Amino acid sequence: MNEQPIAKEVECISVFDMLKVGIGPSSSHTLGPWRAAERFLRALESGPGLEAVKELRVLIYGSLSLTGKGHATDVAILMGLSGADPTTYPTAAIPEAIAKIKDQKKLALKGEHTVIFDPVTSLCFLREFLPFHANALTFKARLKNGRELSKTYYSIGGGFVVSKERKRGKKKALLFQQFPHPVETGIELLEHCKRDGKQISEIVWENERSLRSGEEIEAGLDRIWDTMLSSIYEGCHEPGILPGGLNVKRRAPELYERLKGSTSYTGPEDWPNSIRKTTVQFRQILKWVSCFAIAVNEVNANLGRIVTAPTNGSAGVIPAVLMYYLVIENHKAGSKEIRQFLLVAGEIGSLFKKGATISAAMGGCQAEIGVSAAMAAGALTELLGGTPGQVLAAAEIAMEHHLGLTCDPIGGLVQVPCIERNSMGAIKAINAAELALECNPETTKVPFDKVVRTMWETARDMNSKYKETSEGGLAIGVNLSDC
């Protein structure tokens, strides 16, 4: 009688945890605080009740404080406390909602109970860092009976929010579930693939099926791609100046106009087919991929709706590479390939989250653009016929050549150098996939798990001024007045 393998309890990270629909410009500084505000509302509801609150204050620490205003952390907190859903709330309505709160100096908790709240004095941006994580915020509610309820949350990257950190700057999962294929490392993932004779996407599909139905998975993946495609389309068709004071001109529309040719289309759905009819030369391919990536992150910088992949600051890499596959590599590709790509990308991202970090405030931009490039490279490799070993080799190559990348946004805005870095990450991802397809994974010198560990070691050694604080690098080398 064959012995059953011992069940292993691992952190349950779904592809829908790694790829979230949200609002820009930052997953850790915008989406995370937004979700933290929602969690605080739930804490109030399960405790004294919203109606027991007289007034609120929010203390904002560390990187959230240093670059929070440029990352719209204040806006996110107000919207979260108001009960708005970042996945569905109309982005165009946000400025009016914020202006109303500032004008009235009151805030309706979850849209139901109005409390005293002046953003000027009730949002406290503090420069000090709390010990658990660089992104921390504390909500303090003064109740009508004179008591105070206080909760501290940590935004650990990618929109993930926890109330208590674990060793190495990551969280203990609030909920551990038993996947049929429990995986914490690349080696373990390859063992499952080899044992069952499956591709990585098939392993991930079976894990997802333990959480939800096949129809729900397909619908969720389709929604992710629809949001990605919409953000590319919007970014290619909306000119203007990005907000924040840097006066950055949106470049994707002009770049797109020079590339598109004379083919017609009616909207995002038939738009990819029009691109397929354009000239395909190496320089044009480079420009198309850059255009796709830049378009997404210009939407992100404008507080638009994008997919956190795995963060907002790196949201353009994965859709740009997937769009490249659809319009350049395989004109017959459709929903099957799109879902396959997203499943593999999500799994690779989860391995980096478990073994290192996806927070720029903890690891610099290598934790954002580096991870997104690795996710895209691995996913593209499987679509191009690569083996599971080659998929992880591609992810390793992509990360290896982002090691040490700092996060130094000028003015604390997710614009310079962030937007261009997405185009660079996308191009590197495609190159990494092609290199991996020509390699023998058995003879590679740097295994995937080694690059994950190295990234985390590099993150720990990196000076804090290069970790999304705007206290080093380009952030101080280029002044707002220069722009």
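The values are calculated or read from the model by the stated rules, or taken from the named source; none is laboratory data. Quick caveat: nothing in here was measured; it's all calculated off a predicted structure. Positions of Cβ are generated from backbone atoms using ideal geometry, with glycine treated the same way; all protein chains shown enter the neighbour counts.
How about the stretch 336-365: which of its residues are surrounded by fewer than 24 Cβ atoms within 10 Å (Cβ to Cβ) and either touching a Leu at 6+ places or on another chain (Cβ under 7 Å) or not assigned by TED's automatic domain parsing to the domain that holds I275 (or both)?
E337, I338, R339, Q340
Consider the stretch 387-404. How many of its residues are surrounded by fewer than 24 Cβ atoms within 10 Å (Cβ to Cβ) and not in a helix (DSSP H, G or I)? Break it down stepwise before answering.
Step one: list which residues in the stretch 387-404 are surrounded by fewer than 24 Cβ atoms within 10 Å (Cβ to Cβ), which gives 387, 389-390, 400-401, 403-404.
Checking which are not in a helix (DSSP H, G or I) leaves us with 387, 401, 403-404.
The qualifying residues number 4.
Sort out which residues of the stretch 219-247 are at pLDDT below 95 and surrounded by 19 or more Cβ atoms within 10 Å (Cβ to Cβ), and write them in order of number. Before the answer, list the steps.
First, pick out the residues of the stretch 219-247 that are at pLDDT below 95: 243-247.
Hits for the stretch 219-247 are G244, L246.
What is the number of the single condition among (1) more than 21 Å from S314 (Cβ to Cβ); (2) aliphatic (A, V, I, L, M); (3) surrounded by 24 or more Cβ atoms within 10 Å (Cβ to Cβ) that M455 does not meet?
(1)
Among V371, V416, which is β-branched (V, I, T), in the same structural domain as Y466 (by TED's automatic domain parsing), under 28 Å from D74 (Cα atoms) and surrounded by fewer than 24 Cβ atoms within 10 Å (Cβ to Cβ)?
Numbers: V371 fails: surrounded by fewer than 24 Cβ atoms within 10 Å (Cβ to Cβ).
Matching residue, one of V371, V416: V416.
Could you pull out every one of the strands (runs of 3 or more DSSP E) wholly within the stretch 98-196 that has 1 or more residues that are modelled with pLDDT of 95 or more, of a type in the set (G, A, S) and closer than 30 Å to P388 by Cα? Before you say what the answer is, go through the steps one by one.
Values: elements: 106-109, 113-116, 123-125, 135-143, 148-155.
By residue number, no strands (runs of 3 or more DSSP E) qualify.
Being within 24 Å of E434 (Cβ to Cβ), under 23 Å from the mean Cα position of the chain (by Cα), small (G, A, S) and surrounded by fewer than 24 Cβ atoms within 10 Å (Cβ to Cβ) is the filter here; which residues of the stretch 277-335 pass it?
Residue satisfying the conditions is S290 alone.
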